[in-house]
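*Asks:* The following block contains the structure, expressed as structure tokens.
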Amino acid sequence: MRTIWLDGAQWLAVLRIGLGLWWLESWRHKDRKAWFERGTGIAWAADVARKHRWPVVRSGFEKTVAPHPKAMAYVVVYAELALGLGLITGFLTPVALVGGLLLNLLYLVLMIHDWAEQGQNAMMALISLVALLAMSWQTWSLDHAIGLFL
């Protein structure tokens, strides 16, 4: 593939690293003290789920997240950090891409009414899918350096 400046595999690595930076920014801007001590993030999500038009979202949240709000706050916050670091360094990249895709789809379904969130999550999910199917870990990654996922 001919491109300007970088080759196709390098552009895919740029896309993967950019997605990792996006996840890292999502982690960075969270008020972790509010999430962990006051439970603001999960409380906000509970309010969104409670008003959701799909009963499966309401019941799924009540069965899965609501019983463990503190643990789920840690899962969400540190999943975003792990995704960011994994994608930037290219370590366990396919796992990070699948995890990110699933998290974005979960956010997409939860935030069905918020068009701003929909756009961000749709774009991140699309980038994850492209980076996964194009095996973006073949360039500029720890996975490639140590021979994982060849």
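The values are calculated or read from the model by the stated rules, or taken from the named source; none is laboratory data. All figures in this text were calculated on a predicted structure; none of them were measured in a lab. Ideal geometry is used to build each Cβ from the backbone, glycine not excepted, and the neighbour counts take in all protein chains shown. Each accessible area value is taken on the protein alone, full model and side chains, heavy atoms only, with ligands, DNA and RNA left out. Shrake-Rupley method; radii C 1.70, N 1.55, O 1.52, S 1.80 Å.
*Asks:* Which count do you get for residues in the range 16-39 that are open to solvent by less than 60 Å² (accessible area, probe 1.4 Å) and not in a loop (DSSP other than H, G, I, E, B)?
*Replies:* Of all residues in the range 16-39, those open to solvent by less than 60 Å² (accessible area, probe 1.4 Å) come to 16-20, 23-24, 26-27, 30, 34-36, 39.
Restricting the remaining residues to those that are not in a loop (DSSP other than H, G, I, E, B) gives 16-20, 23-24, 26-27, 34-36.
Matching residues across the range 16-39 total 12.
*Asks:* Among (1) within 18 Å of the chain's Cα centre (by Cα); (2) closer than 30 Å to Asp7 by Cα; (3) among the charged types (D, E, K, R), where does Asp143 come up short?
*Replies:* (1)
*Asks:* Are any of the residues in the range 96-106 open to solvent by less than 70 Å² (accessible area, probe 1.4 Å), farther than 23 Å from Trp22 by Cα and out of contact with any Pro (no Cβ under 7 Å at 6 or more places or on another chain)?
*Replies:* Initial filter on the range 96-106 (open to solvent by less than 70 Å² (accessible area, probe 1.4 Å)): 96-101, 103-104.
Narrowing further to those that are farther than 23 Å from Trp22 by Cα: none.
No.
*Asks:* Next question, about the same structure. Report whether or not Ala66 is assigned to a helix (DSSP H, G or I), hydrophobic (A, V, I, L, M, F, W, C) and modelled with pLDDT of 95 or more.
*Replies:* Numbers: assigned to a helix (DSSP H, G or I): no; hydrophobic (A, V, I, L, M, F, W, C): yes; modelled with pLDDT of 95 or more: yes.
So Ala66 fails the test.
*Asks:* Which one of these does Ala96 not meet: (1) in contact (Cβ under 8 Å) with a residue 12 or more places away in the chain; (2) aliphatic (A, V, I, L, M); (3) over 30 Å from Asp143 (Cβ atoms)?
*Replies:* (3)
*Asks:* Name the pairs whose Cβ atoms lie under 7 Å apart, with the first residue in the range 65-92 and open to solvent by less than 70 Å² (accessible area, probe 1.4 Å), the second among the hydroxyl-bearing types (Ser, Thr, Tyr) and not in a helix (DSSP H, G or I), and 6 or more positions between them or separate chains?
*Replies:* Gly90/Ser141
*Asks:* Next question. What do you reckon, is Thr139 crowded, with 18+ Cβ neighbours inside 10 Å and either farther than 26 Å from Ile42 by Cβ or aliphatic (A, V, I, L, M) (or both)?
*Replies:* Details: crowded, with 18+ Cβ neighbours inside 10 Å: yes; either farther than 26 Å from Ile42 by Cβ or aliphatic (A, V, I, L, M) (or both): yes.
Yes.
*Asks:* Please verify whether Ala13 is at pLDDT 95 or above, of a type in the set (A, V, I, L, M, F, W, C), within 21 Å of the chain's Cα centre (by Cα) and loosely packed, with under 12 Cβ neighbours inside 10 Å, treating the condition exactly as stated.
*Replies:* Details: at pLDDT 95 or above: yes; of a type in the set (A, V, I, L, M, F, W, C): yes; within 21 Å of the chain's Cα centre (by Cα): yes; loosely packed, with under 12 Cβ neighbours inside 10 Å: no.
Against the criterion (at pLDDT 95 or above, of a type in the set (A, V, I, L, M, F, W, C), within 21 Å of the chain's Cα centre (by Cα) and loosely packed, with under 12 Cβ neighbours inside 10 Å), Ala13 does not qualify.
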